[in-house]
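Asker: Sharing a structure with you now.
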Amino acid sequence: MKEITLADKFQAKIDQEIKIEPKDWMPEKYRKTLIRQMSQHAHSEIVGMLPEGNWISRAPTLRRKLGLLAKVQDEAGHGLYLYSATETLGIDRETLLEQLHTGKAKYSSIFNYPTTTWADIGAIGWLVDGAAIMNQVPLCRCSYGPYARAMVRVCKEESFHQRQGFEILMTMMEGNEAQKHMVQDAVNRWWWPSMMMFGPSDGDSPNSAQSMKWKIKRFSNDDLRQKFVDICAEQAQILGITLPDPDLKWNEERQHYDFGEIDWSEFWNVVKGNGPCNKERLDARVKAHEEGAWVREAAMAHAEKRRKRKEAAQVA
Ligand code: FAQ
């Protein structure tokens, strides 16, 4: 009879939808895959604050400014939950940040594009957060407990972000011709990069098969992209804008929208570090980290002081 290995027991737990927790045995490759994906996700949330942060001081009204401030702050919170969840896999935050700052770790391609007008803030909320939710709702059922639990709150907040983006665009579409033009222009620039957020096509996605087997991923990159297109095509009609894809058409037989070819050379170029804002984003992160050194040192000194005080009280 074949001996039941730890790997067999592990897969059986996954098949029975039992969550894997930090202290459970797990294959080294499962741990590495999660560290890769979760840290990439955390970095994306933190770098993702930059394109929108650019507009906080220029939001058109106090209400818009409050909404945007809250959104950017939420992204910081998501980054922090995700770094903490990644740390449960036995890697520390210093190492994770070092990987980001030296360009070893990836973050989402989408954050390497510029935000040139206020309508970009609406387009990011509608399309970028919309794509993020589509990809992240299934992650609430990810096999790794700490990641799945972190994603529940993240998704609730992302759905508020998506709605505030849609509402910004809707309001501008009720405005004058220049405002409508601004919305169409922003959507023209953000549509294809948002489509690329889901990652390469299934045939070119080296990690998908194993991640699906381990139930880290529940849907393939292409399946999620299709769901996103189907929803956005309808919402674009409500907004009164055109998505910049001449091949976008309802397919009665498939009961889905057909869409045009993605420019994968642009995607890989951005992933490799050559997008319009890659250098600017990384420089801004490194600068913020260096300038924040005194805050980290002060927090550590304070924690140490508290620890000693508590220790002394226990002895007394
Ligand atoms: N950008 O084999 P696959 C957000 C890489 S959060 C850059 O398919 P996988 C919130 C991939 O890492 C957005 N690289 O990989 C927000 C792999 O390279 P590696 C981030 C990408 O992991 C909103 C290679 O290509 N969300 O937006 C991208 O199975 C607004 C082959 O790909 C997450 O991170 C890309 N777009 O599937 C914040 C969600 N796509 O690592 C502020 C969690 C692929 O082997 C404002 N992550 N690559 O060297 C995931 O669901 C998955 O990691 C995928 C990629 C689906 C992104």
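Asker: Residues that are at pLDDT 95 or above, in a helix (DSSP H, G or I) and surrounded by 13 or more Cβ atoms within 10 Å (Cβ to Cβ): does the stretch 240-258 have at least one?
Answerer: For the stretch 240-258, residues at pLDDT 95 or above, in a helix (DSSP H, G or I) and surrounded by 13 or more Cβ atoms within 10 Å (Cβ to Cβ): absent.
Asker: Given the conditions (1) touching a residue at least 60 places away in the same chain (Cβ under 8 Å); (2) under 19 Å from Phe267 (Cβ atoms), report the number of the one that Ser208 does not fulfil.
Answerer: Failed condition: (1).
Asker: Between residues in the stretch 54-76 that are away from the ligand (no atom under 13 Å from the Cβ) and residues that are part of a loop (DSSP other than H, G, I, E, B) and of a type outside the set (Val, Ile, Thr), which pairs lie under 6 Å by C-beta distance while being six or more apart or on different chains?
Answerer: Pairs that qualify, where the first residue is away from the ligand (no atom under 13 Å from the Cβ) and the partner is part of a loop (DSSP other than H, G, I, E, B) and of a type outside the set (Val, Ile, Thr), are Lys65/Ala59.
Asker: Based on this model, can you work out whether Val270 counts as under 30 Å from Ile35 (Cβ atoms) and within 11 Å of the ligand (Cβ to nearest atom)?
Answerer: Answer is yes for this residue.
Asker: Something else about it: Out of (1) of a type outside the set (Ser, Thr, Tyr); (2) within 16 Å of the ligand (Cβ to nearest atom); (3) in contact with an Asp or Glu (Cβ under 8 Å, 6 or more places away or on another chain), what's the single condition that is false for Lys227?
Answerer: Condition not satisfied by Lys227: (3).
Asker: Next question, about the same structure. Please go through the stretch 88-143 and give me each residue that is assigned to a helix (DSSP H, G or I) and of a type in the set (Gly, Ala, Ser), ordered by number.
Answerer: Across the stretch 88-143, the qualifying residues are Ser109, Ala119, Gly122, Ala123, Gly125, Gly130, Ala131, Ala132.
Asker: Still on this model: Taking the conditions exactly as written (over 17 Å from Arg218 (Cβ atoms), within 11 Å of the ligand (Cβ to nearest atom), polar (S, T, N, Q) and without any contact (Cβ under 8 Å) to a residue 40 or more places away in the chain), does Gln162 satisfy them or not?
Answerer: yes
The values are calculated or read from the model by the stated rules, or taken from the named source; none is laboratory data. Keep in mind the model is a prediction, meaning the values are calculated, not measured. Reconstructed Cβ throughout: ideal geometry from the backbone, glycine too, with neighbour counts over all protein chains shown.
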